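These notes concern the structure reproduced below.
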Amino acid sequence: MAFEKKKFTVYIIFTFIIGWILQIVASIFALQGNMALFSPVLSLAMFAPLIAAFIAKADVKSVGWKPQIKKNFKYYLICWFAPAVVTIAGAALFYTVMPNRLDLSGSYLTAQMGEAVAQQLAAVGITPLMYVLIGLVQSITYAPLINMLFAAGEEAGWRGVMYPMLKDKYGTNKGRVIGGIVWGAWHWPVMVLAGYEYGLVYWGAPFLGMALFCVCCVVMGILLDWTYSKTNSIWAPSIAHGAFNAAATLPMIVLNVNYINQMTVGPAPIGIVAMIPMIVLAVLVCKNTTKGK
């Protein structure tokens, strides 16, 4: 998709207007303690990039709506399972470097769910580690498929429209970096207002989290764009995006609750230490792109 200044400008304006309005509304619900409405509204915001693409009259039909499963089967397998593998690798690195932050007693679960729910889980024999395993099974079975339906709204807009335009104007790798920064900045309202991803209270808040999440989106965007370039189907990065969302929070279940305000470090892959395996993969992808592979 060739870069067209007018279309790109309209696309960016409406992506941010629609996305930020919905994020602000979702944040208001979160601050009121109404998580039942926070999650649906935030999920709705994921369709802002696709809606903006239609408004900008971008060629949405050409983003690759046919899955072409037989042709791209191996890439779909990568998209389905790799996010969980990378998340586990990042968590393993994080807890190896900082073993004092590992807590198998369930302090994090208790803080998040409450003492009563934690006791109910213990009563039926579900330990924190077992809870992680249950979540892991979900993240490599049905969760990527369910999450894909929402992630497609972002992927069709970001990887299907914005990234091709930026790559056409600035080159593949530079376009990916710029696209990742835009993608990360798009999340800022819900991060600043509702503490999305890193919480509200942490060292350097909110600017460190805002910057670090842009780094995360640059890295993740490179990997998602790689899957898109290999398959020419928007469903590949949508599945990978959905699988990443399903697996990303699992390492936090065994986090010592005393470190809950230090998510910029880890153990989820949005933290700089736990992000390292994903960074390595992104660097390899960029190097291969430079070599024309």
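Of the residues Asn245, Asn232, Asn261, the single one that is over 29 Å from Gly106 (Cα atoms) and surrounded by fewer than 21 Cβ atoms within 10 Å (Cβ to Cβ) is Asn232.
Scanning the range 89-109 for residues that are polar (S, T, N, Q) and open to solvent by 80 Å² or more (accessible area, probe 1.4 Å), which turns out nearest to Ile253 (Cα to Cα)? Step by step, filter the range 89-109, then rank; the result is Ser105. Scanning the range 264-293 for residues that are open to solvent by 70 Å² or more (accessible area, probe 1.4 Å), more than 17 Å from Thr227 (Cα to Cα) and not in a helix (DSSP H, G or I) yields a count of 2.
Is it the case that some residue within the range 152-159 is modelled with pLDDT of 95 or more, basic (Lys, Arg) and under 30 Å from Tyr228 (Cα atoms)? The answer is yes, given that some residue of the range 152-159 is modelled with pLDDT of 95 or more, basic (Lys, Arg) and under 30 Å from Tyr228 (Cα atoms). Out of the residues in the range 110-125 meeting the condition of being of a type in the set (A, V, I, L, M, F, W, C) and assigned to a helix (DSSP H, G or I), tell me which one is most open to solvent (accessible area, probe 1.4 Å). That would be Ala123. Here the helices (runs of 4 or more DSSP H) wholly within the range 1-73 that include at least 2 residues being within 14 Å of Ala156 (Cβ to Cβ) and open to solvent by less than 60 Å² (accessible area, probe 1.4 Å) are 5-31, 48-55.
Look at (1) exposed (fewer than 13 other Cβ atoms within 10 Å of the Cβ); (2) touching a strand residue (DSSP E or B) at 6+ places or on another chain (Cβ under 9 Å); (3) hydroxyl-bearing (Ser, Thr, Tyr) and you find that Thr141 fails only one, number (2). Residues of the range 199-210 that are under 15 Å from the mean Cα position of the chain (by Cα) and surrounded by fewer than 24 Cβ atoms within 10 Å (Cβ to Cβ): Met210 alone. A count restricted to the range 246-262 and to residues that are more than 15 Å from the chain's Cα centre (by Cα) and part of a loop (DSSP other than H, G, I, E, B) stands at 4. Take the residues in the range 154-185 that are out of contact with any Phe, Trp or Tyr (no Cβ under 6 Å at 6 or more places or on another chain) and of a type in the set (D, E, K, R), then tell me which one is nearest to Ile222 (Cα to Cα). Among them, the one singled out is Arg176.
The values are calculated or read from the model by the stated rules, or taken from the named source; none is laboratory data. Everything numeric in this text was worked out from a predicted model, so none of it was measured. A quick note on method: Cβ atoms are made from the backbone with ideal geometry, for glycine too, and the neighbour counts reach across all protein chains shown. Keep in mind that these areas ignore ligands, DNA and RNA; they rest on the heavy atoms of the full protein, side chains included. Shrake-Rupley method; radii C 1.70, N 1.55, O 1.52, S 1.80 Å.
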